[in-house]
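What follows is a set of notes on a single structure, which appears directly below.
The values are calculated or read from the model by the stated rules, or taken from the named source; none is laboratory data. From a predicted model like this one, the values you see are computed outputs, not experimental measurements. All Cβ positions, glycine included, derive from the backbone under ideal geometry; neighbour counts span all protein chains shown. Calculation scope for accessible area: heavy atoms of the full protein, side chains included, ligands and nucleic acids excluded. Shrake-Rupley method; radii C 1.70, N 1.55, O 1.52, S 1.80 Å.
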Amino acid sequence: MKSTSHLPRLGAFAALIALLSCAPALAEDYNCYFGNTHAHTTYSDGKQMPSDHYSMAKAAGYDFYAITNHALAKYKGFTQESYEATKKEADKFTDAAFVAICGFEFSENDGPGGTGHLCALNTTGYLDATGNEVNLPVFYDWLTKQKTTVAASFNHPGVNTYDSYGYLTASRREEVQMYEVINSGKPHYEGFIAALEKGWRVAPIAAEDGHGTGRIKDTYRTGVLATSLTRENLMQAMRARRVYCTWDKNLRLQFIANGRIMGSVLASPTSLEFTVIVSDPDTSDAGDAIAKIEIVGKKGAAVASKEFASHEVKWTTTCEPKDDYYFVKVYTADKTDGPTAYSAPIWIEKAQPDSSTGGNDVQKN
Ligand SMILES: [Zn+2]
Ligand SMILES: [Zn+2]
């Protein structure tokens with residue numbers, strides 16, 4: 001993007017520039033960045049300091065790494081001061097090759113209004129789930145008031161967590177964009193479908209949830225599609241749901257429908273042209289070859305599928321827009337017990353919801 005600093009500060013001009021810079025990037029403009037969204041340090045119930053986590057992740061080749069201590073008063077190490085100290089460390093470790101993020105985990109275990117854990121990333125402050133009259137809807141609404149570019153995820157979720165994915169409104173739907181389909185090396189796929197069926201627009205991520213630095217050596221990753229590696233770009237990509245999860249540490253994945261990148265919402269398309277671009281740079285490793293791609297719709301049922309035997313695949317196919325969302329499952333040669341990667345969905349918004357059947361998928365609560 002060209003610098004605009006020499007342009008006159010005229011209203012119309014500025015508006016035009018803003019419009020141009022907001023135009024959706026082409027698929028080929030995105031890089032894949034790999035990292036972890038969830039970790040605990042000695043400031044709550046984990047081990048080692050934020051600087052230990054960030055330096056180890058950076059040395060291990062991560063593009064980004066988030067520290068998300070439980071924001072709970074019962075942990076004496078978790079205070080406004082230690083949160084500020086974590087933000088300072090994150091700034092110190094962030095450079096052109098690595099982005100450190102500070103966030104927290106909202107850990108609702110037994111309070112009113114349902115249970116479940118969520119990470120909130122890049123917030124200036126935090127919310128204690130055990131605080132007076134704090135519960136899930138209060139947390140969702142707290143997210144809408146943040147001034148920085150924040151993103152949130154459902155953590156180690158199940159089919160019925162978060163009061164069965166309740167309290168959903170149109171504005172809250174925009175505040176939780178990600179879902180841990182992989183947490184600490186375990187799959188959480190069934191709840192992902194449950195959340196999508198409830199109407200949440202969430203995209204799959206992989207989180208270590210390490211209570212120490214031990215899982216930094218693990219190979220599952222959250223992939224983020226961004227045009228360059230800055231914290232702001234990563235946060236905007238997470239908000240736009242341009243994320244995916246992969247058991248492989250460097251598998252690259254893009255899913256496109258009618259020219260729109262994954263995470264997008266398409267308004268009543270009459271036909272769908274899907275393109276899936278997958279590659280793995282480890283071409284000398286036969287196990288990393290792409291073996292199969294499935295495009296799936298409602299409840300994860302396949303609507304198109306094709307087999308491959310290559311480390312680099314671009315596949316285009318068409319289908320009729322019948323379902324509310326579509327996403328991609330990628331299978332590699334070495335993994336026989338299920339997909340290696342899941343893309344963010346692309347959502348289909350029907351133009352005129354049928355109010356007689358409840359119409360749109362937003363549950364008021
Ligand atoms: Zn948790
Ligand atoms: Zn955790």
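Using R₀ = 22 Å, calculate the FRET efficiency as 1/(1 + (r/R₀)^6) where r is the Cβ-Cβ separation of I193 and K350; round to 0.05.
Plugging the Cβ-Cβ distance into 1/(1 + (r/R0)^6) gives 0.65.
Relative contact order of the chain, please, whole-number percent, based on alpha carbon pairs below 8 angstrom and at least 6 residues apart.
Contact order relative to length: 14 percent.
Which value in nm describes the separation of the simple spin-label points at K88 and A301, placed 7 Å from the Cα toward the beta carbon?
5.7 nm
Express in whole angstrom the spacing between the alpha-carbon centres of segment 64-91 and segment 134-207.
Taking the Cα centre of segment 134-207 as reference, the centre of segment 64-91 is 21 Å away.
Kindly identify the chain as rounded, prolate or oblate by the Cα gyration tensor criterion: order the square roots of the eigenvalues as a ≥ b ≥ c, call it rounded if a/c is under 1.5, otherwise compare a/b with b/c, prolate if a/b is larger, else oblate.
In terms of gyration-tensor shape, rounded.
Under a no-solvent Debye model with one identical scatterer per Cα of segment 160-311, what's log10 I(q)/I(0) at q = 0.10, 0.12, 0.17 Å⁻¹?
Per q value, in the given order, log10 I(q)/I(0) is -0.40, -0.58, -1.22.
State which entries of K87/K249; K198/K292; K186/K299; K58/K329; K299/K335; K292/K335 exceed 18 angstrom in Cα-Cα distance in the structure shown.
As for pairs spanning more than 18 Å Cα to Cα, those are K87/K249; K198/K292; K186/K299; K58/K329; K299/K335.
Before I look further, what does the chain give for accessible area per residue, probe 1.4 Å, in whole square angstrom?
Per residue, the chain has an accessible area of 44 Å².
Taking the Cβ-Cβ separation of T227 and T79 as r and a Förster radius of 45 Å, what is the calculated FRET efficiency to the nearest 0.05?
0.80
Using unit Cβ charges (K, R positive; D, E negative) and no other charged atoms, how large, in debye to the nearest 20, is the dipole of the chain about its Cα centre?
In total the dipole reaches around 640 debye.
Where the accessible area of the chain is counted over protein heavy atoms with a 1.4 Å probe, how much of it, in %, is carbon and sulfur?
52 percent
Can you give the helix-only mean residue ellipticity at 222 nm for the chain, where every DSSP H stretch with n ≥ 4 adds -39500 (n - 2.57) and the sum goes over all residues, rounded to the nearest 500 deg cm²/dmol?
My calculation for the chain gives -5500 deg cm²/dmol from helical runs alone.
Would you tally the net charge around R260, using a Cβ to Cβ cut-off of less than 15 Å, leaving R260 out, and scoring K and R as +1, D and E as -1?
Residues near R260 contribute -1 overall.
For segment 295-330 and segment 212-234, write down the distance between their C-alpha centroids in whole Å.
25 Å
Let me check something: with ligands and nucleic acids excluded, how do T123, T115 order by accessible area (1.4 Å probe), largest to smallest?
Accessible-area ranking of T123, T115, largest first: T115, T123.
Within segment 205-227, list the residues whose amide N lies under 11 Å from a label point set 7 Å along Cα→Cβ of K47.
Counting only backbone N, you get 211-215.
Please arrange T270, T283, T42 by accessible surface area, largest first, computed with a 1.4 Å probe and ligands excluded.
T270, T283, T42
Under the classification rounded if a/c is under 1.5, otherwise prolate if a/b is larger than b/c and oblate if not, where does segment 251-353 fall, given a ≥ b ≥ c as square roots of the Cα gyration tensor eigenvalues?
prolate
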